[in-house]
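My questions will all concern the structure given below.
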Amino acid sequence: MRLVKGFLFDVYGTVCDWHKPMTEAIESYAASKGITVDAPEFARQWRATYALETARRGSSHQPFIPLATLTLEALKVLANVRLSMELTDEEAERLNGVWRQLGPWPDTVEGLSALRLIAPCATCSNGSYADMAPLAEYLGIEWDAILGSEASGFYKPHPQTYLRSVEALEIKPSECVMVAAHQKDLVHAQSHGLLTAFIKRPDEFGGRGMGEELEPTSDWDFVVSSLLELAESA
C-alpha cells in the first residue's frame with residue numbers, strides 16, 4: 001500500500017500548455033514586423049533548443065545558469081536562424097516573458113487543489129524562480145514550495161534535482177510522487193526511489209504526432225488523464 005506524503009510536478013507541458021501561448025506570442029511578434037513564420041514549429045524548436053541545453057547541463061559539471069537565461073539565448077539564436085533577424089534586448093525579453101503567461105490545462109486548477117488536500121504539492125521543474133511564481137499566479141494555482149533545478153542547483157536529469165526536492169519536503173523518496181507528462185523524467189525519478197505518475201497530455205505539442213506521449217512505456221505507479229483522476233487514485 002502506497003503512503004503518499006508529497007507530490008512533485010514537472011510544470012511545462014504537465015501542469016500547463018506551453019505550445020499555444022508561445023505560438024500566439026510568436027505570431028503576434030511576426031505580424032508586428034510584417035514577416036511570415038511557421039509559429040507552431042518555431043515554438044516547438046524553441047522548447048527543443050533549451051531542453052537540449054538543460055539535458056546537457058544536467059549530465060555535466062558546468063556552473064548552473066537559470067533557465068530564463070537559457071530560454072532567452074535559445075530565442076535569440078532561433079530568431080537569427082528562422083527569422084533572419086536579430087531581436088533587440090527589449091524584444092527578446094518581452095517574448096521570453098511568455099514563459100510566465102502559459103495556459104492551464106482544463107483540469108489543472110481543480111486537480112491541483114484536490115491533490116493539495118492529500119499532501120503538499122511542489123514544483124520539480126527546470127523553470128527559474130523568476131518565472132515559476134508569476135506563472136503560478138497567472139495560472140491561478142498555488143504551490144506549497146517551488147523546488148527543482150534552481151533550488152537544487154542542478155538541472156534534470158541530475159539525481160540531486162529530484163533528491164533535494166524530496167528532502168525539502170522532509171519526506172522519503174518512497175513517499176513522494178513525481179508527476180510528469182514526459183516519461184524520461186519519470187524514468188530518472190523512479191531510479192532514485194520516487195513513486196511515479198504519468199499524465200497524458202495529447203495536445204502538448206500543438207498537434208498529434210508532434211511529440212506528445214500517449215501510452216505508458218513502463219510500469220508507473222499511476223497512469224492518468226487528468227490531475228483529478230490522480231487525486232482520486234492516490
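The values are calculated or read from the model by the stated rules, or taken from the named source; none is laboratory data. Bear in mind that the values here come from a model prediction, so they are computed numbers and not experimental data. Positions of Cβ are backbone-derived with ideal geometry, glycine not excepted, and every protein chain shown enters the neighbour counts. These accessible areas exclude ligands, DNA and RNA; they are computed on the full protein's heavy atoms, side chains included. Shrake-Rupley method; radii C 1.70, N 1.55, O 1.52, S 1.80 Å.
Of all accessible surface on segment 1-131 at a 1.4 Å probe, what whole percent is carbon and sulfur?
Details: 3300 of 6180 Å².
With neighbouring chains kept in place, the figure for segment 1-131 is 53 percent.
Using modelled amide H (1.01 Å from N, peptide plane; none on Pro or chain starts), what sits under 5 Å from the amide H of ARG201, excluding residues fewer than 5 places away?
Amide H neighbours of ARG201: GLU213.
Could you give the accessible area per residue of segment 49-112, probe 1.4 Å, as a whole number in Å²?
Details: 3470 Å² over 64 residues.
Heavy-atom SASA per residue in segment 49-112 reads 54 Å².
Skip the ligands, DNA and RNA, and give the accessible area per residue of segment 115-234 with a 1.4 Å probe, whole Å². Walk me through the intermediate numbers first.
Numbers: 5180 Å² over 120 residues.
So segment 115-234 comes to 43 Å² accessible per residue, rounded to a whole number.
Which longest uninterrupted range of the chain lacks any trypsin sites (Lys or Arg not before Pro) assigned by DSSP to a loop state (not H, G, I, E or B) and surrounded by at most 12 other Cβ atoms within 10 Å? Don't jump to the answer; show the numbers that get you there.
Numbers: sites that count: ARG2, ARG208.
After excluding every exposed loop site, the longest remaining stretch is 3-207.
Could you list which residues have their amide H under 5 Å from that of ASP17, counting only those 5 or more apart in sequence or on another chain, with H placed in the peptide plane?
Those qualifying (amide H under 5 Å, at least 5 residues apart or on another chain) are GLY103, TRP105.
What distance in nm lies between label points placed 7 Å from Cα along the C-beta direction at SER60 and GLU73?
Going from the SER60 label point to the GLU73 one covers 0.9 nm.
Separate question: Quick one: in segment 71-202, what % of C-alpha pairs are over 17 Å apart?
So the portion of pairs separated by more than 17 Å is 64 percent.
What are the ³J(HN,Hα) values, in whole Hz, obtained from phi via the Karplus relation 6.51 cos²θ - 1.76 cosθ + 1.60 with θ = phi - 60°, for each residue of segment 19-33 in sequence order, with x given for Gly and Pro?
Residue by residue, segment 19-33 yields 5, 5, x, 5, 4, 5, 5, 5, 4, 5, 5, 4, 4, 5, 9 Hz.
Per residue of segment 112-119, what does 6.51 cos²θ - 1.76 cosθ + 1.60 with θ = phi - 60° give for ³J(HN,Hα)? Whole Hz please, x for Gly and Pro, Karplus curve as stated.
So the Karplus estimates, Gly and Pro as x, are 5, 4, 5, 5, 5, 6, 8, 6 Hz.
Which of the GluC sites (Glu not before Pro) across segment 140-193 are loop residues per DSSP, with 13 or fewer other Cβ within 10 Å?
Details: sites: GLU142, GLU150, GLU167, GLU170, GLU175; in loops: GLU142, GLU170.
Those satisfying the criteria are GLU142, GLU170.
While we're here: Treating each Cα of the chain as an identical point scatterer and ignoring solvent, apply the Debye formula and state log10 I(q)/I(0) at q = 0.14, 0.17 Å⁻¹.
Once normalised to I(0) and log-transformed, intensities are -0.86, -1.25.
Pop a pseudo-label 7 angstrom from the Cα along the beta-carbon direction at both GLN101 and LYS33 and give the gap in nm to one decimal.
About 1.8 nm, to one decimal.
Do you know the Lys pair count in the chain for C-alpha distances under 25 Å, with sequence separation 8 or more or different chains?
16
Next up: Whole-Hz ³J(HN,Hα) for each residue in segment 82-99, computed from phi via Karplus 6.51 cos²θ - 1.76 cosθ + 1.60 with θ = phi - 60°, x for glycine and proline: what do you get?
In residue order, the calculated couplings are 8, 10, 6, 8, 9, 6, 5, 4, 5, 5, 5, 5, 5, 5, 5, x, 4, 5 Hz.
Pick out, in residue order, every one of the chymotrypsin sites (Phe, Trp or Tyr not before Pro) in segment 1-66 that is DSSP loop and has at most 16 other C-beta atoms within 10 Å; say none if there are none.
On the way: sites: PHE7, PHE9, TYR12, TRP18, TYR29, PHE42, TRP46, TYR50, PHE64; in loops: TRP18, PHE64.
Listed in order of number, the matching sites are PHE64.
While we're looking at this one, here's another question. Looking at segment 8-100 from every direction and averaging, what is the projected area of its Cα convex hull in nm²?
Details: hull surface 25.8 nm².
Mean orientational projected area (segment 8-100, Cα hull): 6.4 nm².
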